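These notes concern the structure reproduced below.
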Amino acid sequence: MPGLQSTDFPAIRRIDEIPIAHTPPGGYGAKFPDRVLAGCNGPLVPGAPDLRGMWQVIEVQVKGKPAPRKHSAYRHFERIEQCGDRMVVTGGGVIHDMRCDGTAAHGVHDVAVRDFRTKITVIATYENGVHVLRPVGFLVRLRAKLLGYNLVITRRRDGDDMIFTWATFTSRLRRIGGPDAAPPAM
């Protein structure tokens, strides 16, 4: 088209052209990282819930009861990027980049949020509109059983909100913007 420059259009990138992102040593710190999947605009795979955006916790439950406002989950926010079967969750100091294809090879290979050092491998899938994470490893499963918590971590839509079920709590998050939105001031 006359008068348009190639810089007038955002670059379109395919999933496989974008390097896998990992949490930097010690976590990402005070500066929230740039998007990983910027420019990747392919459709989501069938069965994937649309979780793209910046999300902030608005409610926390522990064992089915409201948690006190001092619960650490109330300070949590996260950005979710999705393209095809790839998903990147950035929040709490970590960047977890995964393919939701049910394989350990393409799952999360990063560090745990609790200390930014413990290596984790997590299988990711989309099952009936739910994002499902299953940590891999005998010691991980044994610890969960001994501590009495569920080893399956999920994210799902509930109307406009997202429900995030982690080992010891469930939180409701509200979308506060798209994937390009700035993180909330905490």
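The values are calculated or read from the model by the stated rules, or taken from the named source; none is laboratory data. Treat the numbers as computed from the prediction; the structure is a model and nothing was measured. Here the Cβ is made from the backbone with ideal geometry for all residues, glycine too, and neighbour counts use every protein chain on show. With ligands, DNA and RNA removed, areas are computed over all heavy atoms of the protein, side chains included. Shrake-Rupley method; radii C 1.70, N 1.55, O 1.52, S 1.80 Å.
Couple of notes before you dig in:
- Cys with no candidate disulfide partner in the chain (beta-carbon separation under 4.7 Å rule): CYS100
- The relative contact order of the stretch 42-186 comes to 27 percent, based on Cα pairs under 8 Å that sit 6 or more residues apart.
- For a straight C-alpha distance cut-off of 17 angstrom, the aspartates and glutamates reachable from LYS70 (same-chain residues fewer than eight places away being disregarded) are GLU59.
- Spread of Cα-to-Cα distances over 5 Å intervals beginning at zero, given as percent, for the chain: 1, 8, 15, 20, 22, 17, 9, 4, 2, 1, 1, 0, 0, 0
- Candidates ARG79, ARG117, ARG175, ranked by Gaussian network fluctuation over the chain, Cα under 10 Å, top entry: ARG117
- Probe 1.4 Å, accessible area per residue of the stretch 46-121, Å²: 47
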